[in-house]
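Down below is the structure, laid out as structure tokens.
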Amino acid sequence: MKITLQQITQGNEEIIIRYRKMTAQIDNIISYIEERNDKLLGVTEGQKVMLSPQSVLYLESVDGVTYLYTEHEVYKANLTLMSVEANYAGDGYFRCSKSMVINIYRIKKLKSLSGNRIDATMDNGEHVVISRRYAKELRKILRGEAE
């Protein structure tokens with residue numbers, strides 16, 4: 001199978017799949033692409049906003065309310081951390097404490113802390129502490145050893 005990539009400066013991005021016969025491999029590629037259109041619904045100042053999972057740095061649950069944090073905004077979400085962790089683990093979402101899930105692809109740098117904890121500096125400069133309960137699993141993920 002030949003793969004051709006072309007960078008454009010204007011217009012909409014598109015994916016074109018050319019095939020002689022629909023195979024299981026091509027069908028899997030199509031399913032993967034279609035699944036990546038998931039959006040997270042956030043609410044701010046009464047407005048509903050659809051966010052791509054890649055734009056979210058982390059989610060935090062405070063007093064039973066979940067908040068989505070992007071580089072510049074905070075959104076209220078009608079989600080549970082457990083559902084986000086389950087549905088977006090393949091997109092880099094990782095439970096880092098009892099009340100937080102982070103997007104590991106949005107981590108800028110990591111620093112070990114006492115007590116086997118990890119300080120993660122996110123793309124926007126905010127610091128998120130990975131608790132010792134979850135630090136071991138994060139290290140496995142970063143080494144490529146996770147299931």
Pairs where the first residue, in the stretch 67-95, is under 23 Å from residue 45 (Cα atoms) and without any contact (Cβ under 8 Å) to a residue 12 or more places away in the chain and the second is open to solvent by less than 70 Å² (accessible area, probe 1.4 Å) and of a type in the set (Gly, Ala, Ser), C-beta under 9 Å, 6+ apart = 67/42; 67/61; 67/77
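Matching residues to (1) open to solvent by 70 Å² or more (accessible area, probe 1.4 Å); (2) in contact with an Asp or Glu (Cβ under 7 Å, 6 or more places away or on another chain); (3) at negative phi; (4) among the small types (Gly, Ala, Ser):
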residue: 45; (1), (2), (3), (4): yes, no, no, no
residue: 48; (1), (2), (3), (4): yes, no, yes, no
residue: 71; (1), (2), (3), (4): yes, yes, yes, no
residue: 82; (1), (2), (3), (4): yes, no, yes, no
residue: 96; (1), (2), (3), (4): no, no, yes, no
residue: 99; (1), (2), (3), (4): no, yes, yes, yes
residue: 102; (1), (2), (3), (4): no, no, yes, no
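Select from the stretch 18-37 the residues that are assigned to a loop (DSSP other than H, G, I, E, B) and within 26 Å of the chain's Cα centre (by Cα) and write down the one among them that is surrounded by the most Cβ atoms within 10 Å (Cβ to Cβ). Working first, answer last.
Keep residues of the stretch 18-37 that are assigned to a loop (DSSP other than H, G, I, E, B), which gives 18-23, 36-37.
If we keep only those that are within 26 Å of the chain's Cα centre (by Cα) as well, we get 36-37.
Numbers: 36: 12, 37: 7.
For the stretch 18-37, the residue satisfying everything is 36.
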In the stretch 115-128, residue most open to solvent (accessible area, probe 1.4 Å) [restricted to those that are under 22 Å from residue 73 (Cβ atoms) and part of a strand (DSSP E or B)] | 127
Hey, does the stretch 133-143 have a residue that's surrounded by 18 or more Cβ atoms within 10 Å (Cβ to Cβ), under 20 Å from residue 42 (Cα atoms) and among the aromatic types (Phe, Trp, Tyr)?
-> no
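The values are calculated or read from the model by the stated rules, or taken from the named source; none is laboratory data. Note that the structure is predicted; figures quoted are calculated from it, not measured. All Cβ positions, glycine included, derive from the backbone under ideal geometry; neighbour counts span all protein chains shown. SASA here: full protein model, heavy atoms, side chains in, ligands and nucleic acids out. Shrake-Rupley method; radii C 1.70, N 1.55, O 1.52, S 1.80 Å.
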